[in-house]
Each structure stands twice: as C-alpha cells, then as structure tokens.
Amino acid sequence: MKNINLPNLLTIARLLVVPVIAVCFYVPIDGLVWLGLTLMLVATITDYLDGFLARALRLKTAFGAFLDPLADKVLVLSCLFVLNLRHTNLLVFVPSMIILWRELLVAGLREYLGQQQVTLPPSAGGKWKATFQFIAILILALALLPLQYQAHILMVGVATLTLAAALGALSAYDYFQRCRQHIIDFV
C-alpha cells in the first residue's frame, strides 16, 4: 500500500474511467457523447495533475512511473479505436494507425532498454504529441455531435490528429536515435 498516494490514485481513476469514455463515444446518444467529452477532459487534466503533484509533493514511485504512461496509452488508444468506429474516414484512420504503431514501437524499445537497465525519459516531443492527441480526441468526439459546422469540426480534429501523429513519429525517431548504440549492440 506504500504506492497508494494522490498522484497514483488519479492515475488509477484515469485508467478506470476509460471504458466509460469509450462507451460514451461509441453509443450514438448526444448526452452520452457530452458525458464522454467531460470525462475525457477530466482525464486529460488528471494526466497533467498527477505528474505535477508527484513532483511537487515528492511522491514519485516506481508504480506511478509504470502506471502513468500505461494509463495514457490505454486512454488514447481506446478512444482512437472507438472514434475510428464512429468516423469511418481514412483521414482519421491513417494518423490513428501511425499513433498506434509509434506507441507499440516505443513501448517495445522501453521494454528492451529496461532489460538492459537503461531508462528512456520522456522527450519534449513526446509530451507535445500527447497534448495534441488529447486535443484531437476531444475535437473528434465533438464532431460526433450534430452541431453546426460539424464537417469543419471534423477537419480540425483530423488536422490535429495528423499533427499528433507527425509529432509522435518524430519523437519515436528521436528515441531510437538517442538509444541507437544499445540497439546496435542488440543487433
């Protein structure tokens, strides 16, 4: 129970709310989409708040360092999966796939490096990628609603998601470049 502190509780709550957000985005009922948007916004805020509190209150734990990025990936990939079911649009699908591939490649790199006792701290590019992913998900969910300018909202969401995918690809390249000596040793 030594790992149960406020930042880790926020991360656990973010993880537990993912299925609710996914259902809200999937079921084509406007009230549920609004609820999903609200929960997603709260989850996004807790993503930044848990890290801030862990550092400010000196409550960093190995459990939190493991769970926080996992919760982010589960949240983002679950939402993108559901939004792709609702927006059957290649312009949403392609950047979503780039994000998925990036997350799997970087997770695999981190796993390999962990076995070598090498840490790979998050980069500024990775943090910007995460920010734009969250913004894109919120905009794409908003585009599910029958609002005026719905097509324009969708295109802004697609542009934001594409930017997130590009930032993700660049940050993945950066991660692999920073670790190339460990990778070369492996090959």
Among residues of the range 107-149 being among the polar types (S, T, N, Q) and touching a Lys or Arg at 6+ places or on another chain (Cβ under 9 Å), the residue farthest from ALA166 (Cα to Cα) is THR119
Residue tally, condition closer than 18 Å to LEU57 by Cα, β-branched (Val, Ile, Thr) and free of Cβ contacts under 8 Å to residues at least 12 places away in the same chain, over the range 1-31 = 1
On the given criteria, is LEU70 hydrophobic (A, V, I, L, M, F, W, C), outside any helix (DSSP H, G or I) and within 30 Å of ILE4 (Cβ to Cβ)?
-> no
Please state which of the following conditions LEU113 fails to meet, knowing it meets all the rest: (1) in a loop (DSSP other than H, G, I, E, B); (2) in contact with a His (Cβ under 9 Å, 6 or more places away or on another chain); (3) surrounded by 15 or more Cβ atoms within 10 Å (Cβ to Cβ).
-> (1)
Among the residues of the range 14-34, the number that are assigned to a helix (DSSP H, G or I), aliphatic (A, V, I, L, M) and closer than 12 Å to LEU144 by Cβ is 2
Would you say ARG86 is basic (Lys, Arg) and either buried (at least 18 other Cβ atoms within 10 Å of the Cβ) or modelled with pLDDT of 95 or more (or both)?
-> yes
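Yes/no matrix, rows are residues, columns are (1) touching a helix residue (DSSP H, G or I) at 6+ places or on another chain (Cβ under 8 Å); (2) of a type in the set (Ser, Thr, Tyr); (3) farther than 28 Å from ALA166 by Cβ; (4) at pLDDT below 95:
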| residue | (1), (2), (3), (4) |
| --- | --- |
| ARG14 | yes, no, no, no |
| VAL23 | yes, no, yes, no |
| GLY51 | yes, no, no, yes |
| LYS60 | yes, no, yes, yes |
| ALA65 | no, no, no, yes |
| LEU75 | yes, no, no, no |
Take the residues in the range 141-187 that are of a type in the set (S, T, N, Q) and either surrounded by 14 or more Cβ atoms within 10 Å (Cβ to Cβ) or touching a His at 6+ places or on another chain (Cβ under 8 Å) (or both), then tell me which one is nearest to LEU37 (Cα to Cα).
-> THR160
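The values are calculated or read from the model by the stated rules, or taken from the named source; none is laboratory data. Nothing here was measured: the structure is a model prediction, and the numbers come from that model. Don't worry about glycine lacking a Cβ; one is built from the backbone with ideal geometry, like all the others, and counts go over all protein chains shown.
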